[in-house]
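Participant: Below: one structure in structure tokens.
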Amino acid sequence: MKILKFGGTSVGSAERISKVLDIIENYHKNSVKISVVFSAFDNITDQLIDLSKKAIERENSYLATLQNIRIKHLEIFDKLVTHSNKNAATKEITDHFDGLSDILKGLYLLKELTPRILDSLLSNGERLAAFIISEALKSRNIDCEYLNTTKIIKTDSNFGSAHVDIDITTKNVIDYFKEHDKIQIITGFIASNKDGEITTLGRGGSDFTASLIGSILEVDEIEIWTDVNGILTADPRKVDDAISLRAVTYQEAMEMSHFGAKVIYPSTMQPAFDKNIKIRIRNTFQPEFKGTLILKKQDGIKFTAKGISSVDAITLLRISGSGLVGNEKITAKIFDTLVNKKINTLLLTQGSSELSICIAVLPKDGKRAETAIKEALRLEIFDGQIREIEAEENLSIVAIVGEDMKHTKGISGKVFTALGNNGVNIVAIAQGSSELNISCVIKKSELSKALNALHDTLFLTDRKVYNLFIVGIGLVGKSLLKYIHDNKEFLRKEKSIELRVIGIANSRKMLLELETIDIDNWKNILDNSGQISDIQKFVTEMTELNLANSIFIDCTATEVAVPYYEKILSSNISITTPNKIANTKKYSFYKQLQETSIKKNVKFLYGTNVGAGLPIISTIRDLVNAGERIIKLEGILSGTLSYLFNNFTGNIKFSELVKTAKENGFTEPDPRDDLNGLDVARKMLILIRETGREFELENIEIENLVPQKARGNISIDKLFKILEEADNVFEEKKQLAKKDGKVLRYVAKFENEKAEVKLVSVDSSHPFYNLKGNDNIVAITTQNYSNQPLIIRGRGAGAEFTAYGIFADTLRIISYLG
Ligand code: ADP
Ligand code: ASP
Ligand code: MG
């Protein structure tokens with residue numbers, strides 16, 4: 001025989017219940033002997049509690065809530081019960097609701113709710129559910145019987161969480177089942193005391209009912225049917241990539257459910273464990289899934305860490321003082337107090353110095369526990385033995401559970417590294433003496449990040465998720481999205497890297513989703529469902545999402561995001577950007593960002609600031625990190641200026657070249673932004689700072705190629721007129737150079753701690769002499785590359801090439817984050 005149990009999540013609607021009926025029918029057809037335990041319909045227990053509170057507070061809206069509950073049950077009943085004796089069954093339900101209505105009227109008048117009355121009220125949820133389902137089964141011609149467990153399960157009078165009297169109950173259950181051969185449709189959760197008053201077994205207690213009856217009847221297996229694929233490595237509502245477990249031990253399941261895995265009620269394990277009966281957790285909506293088996297520890301099934309659970313909200317009591325050292329009496333007093341006040345302790349730690357004890361309790365017990373302990377220890381406080389008793393709120397517990405953790409070295413190291421790398425602060429740590437779990441108390445705001453980071457580290461060792469936030473979707477941003485799209489599959493398959501675009505923004509709209517944004521469709525999604533763009537909001541939401549392995553990509557050419565870089569890095573989010581603004585502000589600003597990124601263990605990469613996709617900055621970094629001292633830097637760092645002078649040969653006039661370049665889109669909209677040399681100077685500044693030197697833009701001497709007369713506020717047409725007038729000046733320079741066998745180049749140079757960007761002439765022995773097209777080039781002279789400098793040369797401009805560079809930096813960050 002098997003005992004099946006279906007939870008509220010499986011019986012939320014007529015459609016869902018039909019699936020349950022299919023499962024039962026299937027067993028029946030295959031002649032598998034079963035009996036089935038039911039919880040109340042989805043959410044009904046919560047609604048009944050709510051209803052009783054409203055009634056005693058004399059909120060008349062309780063009548064409407066009651067009516068909703070009645071309608072819900074009657075609708076399900078109507079859809080599923082079709083047999084000829086329907087009228088009698090309908091009357092049964094109506095009587096039920098009349099009884100319920102009477103209890104509530106009583107509460108309304110008395111304005112008082114005792115745990116005894118509440119249990120009696122709540123029992124209606126399970127009784128209605130099991131009754132309706134038994135009638136629905138009869139409508140399918142399945143011979144069954146409704147069993148109200150208040151008749152056979154006997155408990156003490158601890159209403160709300162009653163303890164079963166196992167001797168009497170065992171006898172009752174055995175006697176009952178001897179007499180009743182049909183499929184029993186059993187109420188979960190409810191029982192009665194020796195006076196026949198209804199009791200309940202604690203929230204989620206239907207699992208326990210199933211385990212209890214199953215173990216008394218010594219069934220082959222207990223199946224707990226719910227709405228997920230068994231027990232997963234973490235709560236699937238909190239961790240997207242949670243994986244179903246094939247098997248766990250009773251202790252592991254107990255530990256996971258103790259720390260919040262609601263999928264099974266902790267005490268459920270005990271009766272099954274005592275009789276060595278297997279429990280299988282199955283999914284009503286995916287019956288073909290074999291489920292997670294809960295069994296005794298066996299050789300041959302091995303997982304070092306099985307799952308991660310969390311208690312989302314706790315209060316931590318911290319008791320400190322020298323009196324705690326070696327004084328068991330005080331410790332005993334603390335625990336006696338908590339036991340007397342019926343306060344459940346979720347976690348306990350004692351510092352190795354024994355100067356403090358931390359106790360985690362549920363928030364509802366926080367104040368009570370604090371007051372009670374202060375009262376119990378008032379003498380010790382007076383004596384100064386106890387210095388402080390404080391309660392800290394808004395905390396959570398994450399617990400990593402697994403039988404074999406004790407044999408595996410380094411798990412706690414992995415846990416702390418994963419949390420540390422993601423900036424999650426550990427407030428307290430406890431490792432049970434059984435070493436079955438490691439639990440950490442952390443800030444509630446960091447729970448989601450912690451769960452995901454731990455899950456990735458412990459279970460997805462072969463797949464890592466990275467979350468991208470991209471602002472600025474102009475030419476560069478668009479190309480970047482395309483790169484991400486085109487490489488996604490390759491990265492997933494070959495490198496086990498999962499890239500997710502979580503946030504995007506352009507100057508008009510922004511969108512931040514916890515789900516991945518479909519980048520094929522970004523424009524539509526942004527236009528239709530985005531909010532008005534607001535960088536402050538974007539950054540705030542991004543940091544509040546608090547996702548592990550986040551990368552912020554600034555593809556704007558403006559200053560908007562720069563003031564937030566510090567906050568972003570401080571929130572353990574890496575940055576990559578082609579935007580030069582942050583790095584060319586005062587040195588102190590640049591330095592601060594570098595320091596924050598080191599302190600926070602994240603990366604701030606801007607390889608595309610100089611030479612787009614060319615590895616210029618990264619090479620300088622590598623050289624510096626390898627201990628090289630950079631002696632001299634020389635380069636052509638502007639694609640536009642490179643083009644202009646590489647092509648300034650023959651009879652062509654300089655102004656004509658500028659015009660052609662502008663027409664071909666090789667210049668900025670206003671060519672003066674190229675000709676004034678400022679952009680080149682900024683790039684040089686970044687390179688110098690990258691060598692480890694403190695340097696400011698003012699220290700760079702810049703030759704401005706825009707004729708003096710054209711520097712004011714004048715139109716582009718006028719600019720070209722003035723440039724034409726200046727043609728002879730450029731021509732003269734060219735001829736002068738030519739006479740010595742040289743050519744003109746606009747070169748940025750750093751040498752002898754001085755920097756300049758200017759038009760110079762170079763001879764054929766110089767590496768810049770033969771430059772072509774709009775290539776960039778940099779010559780790096782170091783101690784080891786002193787006679788022949790290290791040359792990096794290639795295409796160094798264009799949106800696509802820049803996007804390629806940003807993508808490469810993103811992958812660098814990923815390999816750094818590991
Ligand atoms: P039922 O109504 O069937 O008793 P519950 O809501 O009590 O269902 O428990 C099932 C829920 O437990 C799932 O929907 C899931 O969100 C949650 N849960 C939490 N932790 C885990 C875990 N580690 N594995 C599976 N489910 C979990
Ligand atoms: N219906 C009860 C509850 O919601 C028991 C159960 O679901 O197991 O707590
Ligand atoms: Mg449950």
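Participant: Could you work out the percent of alpha carbon pairs in region 543-626 separated by over 22 Å, rounded to a whole number?
Facilitator: Numbers: 796 of 3486 pairs.
I get 23 percent for the Cα pairs in region 543-626 exceeding 22 Å.
Participant: Let me ask something additional. Let's test the formula: R0 of 41 Å, r as the Cβ-Cβ distance of THR516 and ASN276. What FRET efficiency results, to the nearest 0.05? Walk me through the numbers before you get to the answer.
Facilitator: Numbers: r = 45 Å, r/R0 = 1.09.
Efficiency for this residue pair is about 0.40.
Participant: List the lysines whose Cα sits under 17 Å from the Cα of LYS580, skipping any in the same chain fewer than 8 residues away.
Facilitator: LYS591, LYS603, LYS683
Participant: Rg over Rh of region 1-149, using C-alpha atoms and the Kirkwood radius, what does it come to?
Facilitator: On the Cα set of region 1-149, Rg over Rh gives 1.01.
Participant: In what order do TYR804, TYR565 fall by count of nearby beta-carbon atoms within 10 Å, going from fewest to most?
Facilitator: On the way: TYR804 18, TYR565 25.
Neighbour counts put them in this order, fewest first: TYR804, TYR565.
Participant: I've got another one for you. Taking only Cα atoms of region 75-164, what ratio of Rg to Rh do you get with Rh as the Kirkwood inverse-distance radius? Display every interim value, and only then the final one.
Facilitator: Numbers: Rg = 15.5 Å, Rh = 14.9 Å.
Answer for region 75-164: 1.04.
Participant: Further question on the same structure: How long are the semi-axes of the equivalent ellipsoid of region 99-251, taking √(5λ) for every eigenvalue λ of the Cα gyration tensor, in whole Å from largest down?
Facilitator: Numbers: eigenvalues 152, 99, 64 Å².
Semi-axes (√(5λ), whole Å): 28, 22, 18.
Participant: While we're here: Counting pairs of alpha carbon atoms under 8 Å apart in space and at least six apart in sequence, what relative contact order in percent does region 326-405 give? Write down the numbers at each step before the final one.
Facilitator: Values: 57 pairs, mean separation 19.7, N = 80.
It rounds to 25 percent for region 326-405.
Participant: Treating only the Cα positions of region 766-818 as identical point scatterers, give the base-10 log of I(q)/I(0) from the Debye formula at each q in 0.15, 0.16, 0.23, 0.27 Å⁻¹.
Facilitator: One equal scatterer on each Cα of region 766-818 leads to -0.64, -0.69, -0.89, -0.95.
Participant: When the dipole is taken about the Cα centre of region 501-569, and only Lys, Arg (+1) and Asp, Glu (-1) are charged at their Cβ, what size is it in debye, to the nearest 20? All intermediate terms of the calculation are to be shown ahead of the outcome.
Facilitator: Values: 5 positive and 11 negative charges, 32 e Å.
I would put it at about 160 debye.
Participant: So what is the relative contact order of region 635-715, in percent, for Cα pairs below 8 Å that sit 6 or more residues apart? Before the final figure, lay out each step's value.
Facilitator: Values: 53 pairs, mean separation 21.3, N = 81.
RCO, region 635-715: 26 percent.
Participant: Could you list, in their original order, any pairs among LYS54/LYS111; LYS178/LYS278; LYS449/LYS600 whose Cα atoms are separated by more than 20 Å? All intermediate terms of the calculation are to be shown ahead of the outcome.
Facilitator: On the way: LYS54/LYS111 10 Å; LYS178/LYS278 23 Å; LYS449/LYS600 16 Å.
Cα-Cα > 20 Å for LYS178/LYS278; rest within.
Participant: Give me the percent relative contact order of the chain, please, defined on Cα pairs under 8 angstrom at least 6 residues apart. Kindly include the intermediate steps, with their values, before the conclusion.
Facilitator: Numbers: 1562 pairs, mean separation 65.4, N = 818.
Dividing the mean separation by the residue count of the chain yields 8 percent.
Participant: Related question: Assign one of three labels to the chain, namely rounded, prolate or oblate, based on the Cα gyration tensor with a ≥ b ≥ c the square roots of its eigenvalues; rounded applies when a/c is under 1.5, prolate when it is not and a/b is larger than b/c, and oblate otherwise. Write down the numbers at each step before the final one.
Facilitator: Details: a/c = 2.95, a/b = 2.31, b/c = 1.28.
Verdict is prolate for the chain.
Participant: Which value, in debye to the nearest 20, describes the size of the charge dipole of the chain about its Cα centre when Lys and Arg Cβ atoms bear +1, Asp and Glu Cβ atoms bear -1, and nothing else is charged? It would help to have the intermediate numbers written out before the result.
Facilitator: Details: 106 positive and 107 negative charges, 223 e Å.
The dipole of the chain has a size of about 1080 debye.
Participant: As a test, work out the antiparallel percent of DSSP beta bridges whose residues both lie in the chain, rounded to the nearest 5.
Facilitator: Numbers: 73 of 121 bridges.
Around 60 percent of the beta bridges assigned by DSSP in the chain are antiparallel ones.
Participant: According to the Cα gyration tensor, what semi-axes, each the square root of 5 times an eigenvalue, does the equivalent ellipsoid of region 85-137 have, listed from largest to smallest in whole Å? Could the numbers behind the result be given before it?
Facilitator: On the way: eigenvalues 134, 32, 4 Å².
Values for region 85-137, descending: 26, 13, 5 Å.
Participant: Picking from ILE714, PHE666, GLY692, whose Cα lies most toward the positive end of the charge dipole for region 653-742 (charges on Cβ: Lys, Arg +1; Asp, Glu -1)?
Facilitator: Final value for the positive-end residue is PHE666.
Participant: Here's something else I'd like to know. If a/c stays under 1.5 just call it rounded; otherwise compare a/b with b/c (prolate if a/b is bigger, oblate if not). Do that for region 32-89, with a ≥ b ≥ c from the square roots of the Cα gyration tensor eigenvalues. Walk me through the numbers on the way to the answer.
Facilitator: Working: a/c = 3.56, a/b = 1.73, b/c = 2.06.
Here region 32-89 falls in the oblate category.
Participant: From the cross-link list LYS5/LYS105; LYS659/LYS758; LYS151/LYS238; LYS91/LYS275, which pairs have alpha carbons spaced over 30 Å apart? Write out the running numbers ahead of the final one.
Facilitator: On the way: LYS5/LYS105 33 Å; LYS659/LYS758 21 Å; LYS151/LYS238 40 Å; LYS91/LYS275 41 Å.
Too far apart for the 30 Å limit: LYS5/LYS105; LYS151/LYS238; LYS91/LYS275.
Participant: Same structure again: Before rounding to the nearest 500, sum -39500 (n - 2.57) across all DSSP H runs of length at least 4 in the chain and divide by the residue total; then give [θ] at 222 nm in deg cm²/dmol.
Facilitator: Values: 27 runs with 347 residues, N = 818.
The helix contribution divided over the chain gives -13500 deg cm²/dmol.
Participant: Is the C-alpha gyration tensor of region 459-547 telling us rounded, prolate or oblate? Criteria: a/c under 1.5 is rounded; beyond that, a/b larger than b/c is prolate, otherwise oblate. Each step should come with its number before you reach the end.
Facilitator: Values: a/c = 2.38, a/b = 1.45, b/c = 1.64.
In terms of gyration-tensor shape, oblate.
Participant: Another question about this same structure. For LYS154, go through the aspartates and glutamates and keep the ones whose alpha-carbon is under 15 Å away, minus same-chain ones fewer than eight residues off.
Facilitator: ASP119, ASP165, ASP167, ASP175, ASP195, GLU197
Participant: Near LYS333, which lysines are there with a Cα under 22 Å away, not counting those fewer than 8 places off in the same chain?
Facilitator: The reachable lysines, counting only those whose Cα sits under 22 Å from LYS333, are LYS341, LYS342, LYS364, LYS367, LYS374.
Participant: For region 629-746, I need the span (max minus min coordinate) of the C-alpha atoms along each principal axis, in Å, sorted largest to smallest.
Facilitator: Extents along the principal axes, in whole Å: 44, 38, 25.
Participant: Sticking with this one: In what sequence, highest mean first, do 79-92, 529-542, 635-648 appear when ranked by Cβ atoms within 10 angstrom? Working shown, then result.
Facilitator: Numbers: 79-92: 13.4, 529-542: 15.9, 635-648: 23.4.
Going by the mean number of other Cβ atoms within 10 Å, highest first, we get 635-648, 529-542, 79-92.
Participant: Where in the chain are the DSSP H helices whose C-alpha atoms run 30 Å or more along the long axis and whose mean Kyte hydropathy is at least -1.0? Provide the component values of the computation, followed by the final result.
Facilitator: On the way: long enough: 86-110 (36 Å, -0.09); 115-139 (37 Å, 0.34); 716-739 (33 Å, -0.73).
For the chain, where a helix must reach 30 Å along its axis and average at least -1.0, the hits are 86-110, 115-139, 716-739.
Participant: OK, next. So if I take the alpha carbon set of region 693-818, get Rg, then get Rh from the Kirkwood formula, what is the Rg over Rh ratio? Spell out each step's value before the answer.
Facilitator: Working: Rg = 18.9 Å, Rh = 18.2 Å.
Using Cα coordinates only, the ratio equals 1.04.
Participant: Still on this structure: Using the charge dipole of the chain (Lys, Arg: +1 at Cβ; Asp, Glu: -1 at Cβ; taken about the Cα centre), state which of SER655, VAL81, SER396 has its Cα farthest towards the positive end.
Facilitator: It is SER655.
Participant: With the Cα gyration tensor of region 602-697 in hand, give its eigenvalues times 5 under a square root as the equivalent ellipsoid semi-axes, listed largest first in whole angstrom. Provide the component values of the computation, followed by the final result.
Facilitator: On the way: eigenvalues 190, 37, 28 Å².
They are 31, 14, 12 Å, listed from largest to smallest.
Values quoted throughout were computed directly from the atomic coordinates according to the rules given, and no laboratory measurement underlies them. Every value quoted in this text rests on a predicted model; they were computed, and no experiment measured them. All Cβ positions, even for glycine, are placed from backbone atoms using ideal geometry, and neighbour counts span all protein chains on display.
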